[in-house]
Amino acid sequence: TECVSGCVCPEGLFDDGRGGCVEEKDCPCIHNNEWYSSGEKIKVDCNTCTCQKGVWRCTNEVCYGTCMIYGSGHYNTFDGKFYDFDGSCEYVATQDFCGDKKSSGSFSIITENVPCGTTGVTCSKAIKMFLGVNSQVMKILSNRSATPLPAILEVIPESELLYWNRTVGLYLVIEASNGVMLIWDKKTTVFIKLSPDYKGKVCGLCGNFDDKSNNDFTTRSGLQVANSLKFGNSWKQSPMCPDVTQEIKPCDLKPHRKSWAEKECSIIQSDVFKICHSKVDPHPFYEACVHDACSCDSGGDCECFCSAVAAYAQECTKAEACVFWRTPDICREYQIN
């Protein structure tokens with residue numbers, strides 16, 4: 001806390017860090033470089049924190065974890081590790097068939113990544129959600145008119161595991177009775193939410209959900225590696241798929257698209273998202289946006305840009321910084337017939 005007693009204020013009062021002197025009970029708190037008065041509340045994930053005497057007092061609820069896969073190979077793990085991986089194969093996004101429990105899991109989510117554009121980057125084309133181990137029924141939900149790729153979602157449940165689907169705005173939401181939720185924009189963005197019961201019990205490209213991002217790069221064999229390529233390659237479903245050997249930089253391969261990409265993606269760092277900048281670092285999302293806008297050179301380039309900005313907007317909403325950024329000219333929410 002910045003609230004200290006001393007020669008700057010009369011005895012019994014405290015410097016509030018903003019040029020004033022207050023009683024201890026009125027000391028403010030600071031969060032993400034913003035000041036909050038005593039008694040004010042903020043949301044941190046699923047917990048509520050209250051400013052009391054210059055110190056945050058927070059509830060201690062255990063929160064759902066969220067992993068985001070979007071655009072051309074961008075991943076944000078359950079524990080908040082942001083990385084890129086451009087593999088062309090089926091990969092385990094997350095599952096609880098891990099370590100010694102490989103035969104007793106309850107779900108597995110597989111992402112099928114295919115090239116999108118001519119630079120070699122990949123997008124998630126299909127998502128398969130296996131619920132239980134003896135899957136008999138297959139439900140296919142698809143949007144084949146989506147660009148740059150048709151996207152397919154398959155839900156493959158066991159009879160005793162119930163699941164529900166509903167549409168919320170632009171997203172299709174699949175919720176299963178075992179605490180697994182999948183939120184899909186019917187294009188190339190997927191959010192996977194897991195109940196706290198899965199903490200430390202999952203593995204795959206979304207990490208292990210143990211509140212430590214520094215061990216998220218754990219391979220299928222249980223080794224921790226520093227390289228996203230080694231990590232990602234280990235989670236491919238078929239040994240016939242080639243390993244990814246180098247990181248792709250589409251703006252270097254298509255330099256004529258770079259200035260357009262930077263101009264369009266600057267909205268993430270602009271005043272439009274100003275209220276979010278102190279809560280969610282815009283830099284990795286801006287870099288991912290430029291990467292995608294450069295790489296989508298086979299049609300659907302505006303869609304790639306819109307998905308990248310929407311990913312940042314979604315993180316802002318989670319941090320309680322709701323931004324209305326879509327306009328009739330920028331990524332409108334509806335199509336004009």
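This table checks each residue for (1) in contact (Cβ under 8 Å) with a residue 24 or more places away in the chain; (2) buried (at least 18 other Cβ atoms within 10 Å of the Cβ); (3) small (Gly, Ala, Ser); (4) not assigned by the TED database to the domain that holds Glu315.
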{"residue": "Glu23", "(1), (2), (3), (4)": "no, no, no, yes"}
{"residue": "Pro28", "(1), (2), (3), (4)": "yes, yes, no, yes"}
{"residue": "Glu40", "(1), (2), (3), (4)": "no, no, no, yes"}
{"residue": "Val44", "(1), (2), (3), (4)": "no, no, no, yes"}
{"residue": "Thr48", "(1), (2), (3), (4)": "no, no, no, yes"}
{"residue": "Ile69", "(1), (2), (3), (4)": "yes, yes, no, yes"}
{"residue": "Ser72", "(1), (2), (3), (4)": "yes, yes, yes, yes"}
{"residue": "Thr77", "(1), (2), (3), (4)": "yes, yes, no, yes"}
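Filtered by the rule that a residue be open to solvent by 10 Å² or more (accessible area, probe 1.4 Å) and in contact (Cβ under 8 Å) with a residue 24 or more places away in the chain, the stretch 196-213 gives Pro196, Tyr198, Lys199, Lys201, Cys203, Asn208, Asp210, Asp211, Lys212, Ser213. Restricted to the stretch 238-280, and to residues that are touching a residue at least 40 places away in the same chain (Cβ under 8 Å) and of a type in the set (Val, Ile, Thr), which residue is most open to solvent (accessible area, probe 1.4 Å)? The qualifying residue most open to solvent (accessible area, probe 1.4 Å) is Ile275. When you look at Ser88, is it among the hydroxyl-bearing types (Ser, Thr, Tyr), surrounded by fewer than 21 Cβ atoms within 10 Å (Cβ to Cβ) and assigned by the TED database to the domain that holds Tyr171, yes or no? In short, yes.
When the residues of the stretch 50-60 are filtered to those that are assigned to a loop (DSSP other than H, G, I, E, B) and farther than 17 Å from Gly17 by Cβ, which remaining residue is least open to solvent (accessible area, probe 1.4 Å)? I'd like the intermediate steps shown before the answer.
As a first pass, look at the stretch 50-60 and keep what is assigned to a loop (DSSP other than H, G, I, E, B): 53-54, 59-60.
This time we only want the ones that are farther than 17 Å from Gly17 by Cβ, so: 59-60.
Working: Thr59: 69, Asn60: 143 Å².
Selected residue: Thr59.
Is it the case that Ile69 is closer than 30 Å to Asn227 by Cα and assigned to a strand (DSSP E or B)? Taking the combined requirement at face value, the residue satisfies it.
Kindly indicate whether Asp292 is open to solvent by less than 20 Å² (accessible area, probe 1.4 Å) and under 23 Å from Thr188 (Cα atoms). Yes. Taking the criterion of being in contact with a Leu (Cβ under 7 Å, 6 or more places away or on another chain), β-branched (Val, Ile, Thr) and either assigned to a strand (DSSP E or B) or at pLDDT 65 or above (or both), the only residue of the stretch 115-135 that qualifies is Ile127.
The values are calculated or read from the model by the stated rules, or taken from the named source; none is laboratory data. Because the structure is predicted, anything quoted here is derived from the model rather than measured. All Cβ positions, even for glycine, are placed from backbone atoms using ideal geometry, and neighbour counts span all protein chains on display. Heads up: the accessible areas ignore ligands, DNA and RNA and are worked out on the full protein's heavy atoms, side chains in. Shrake-Rupley method; radii C 1.70, N 1.55, O 1.52, S 1.80 Å.
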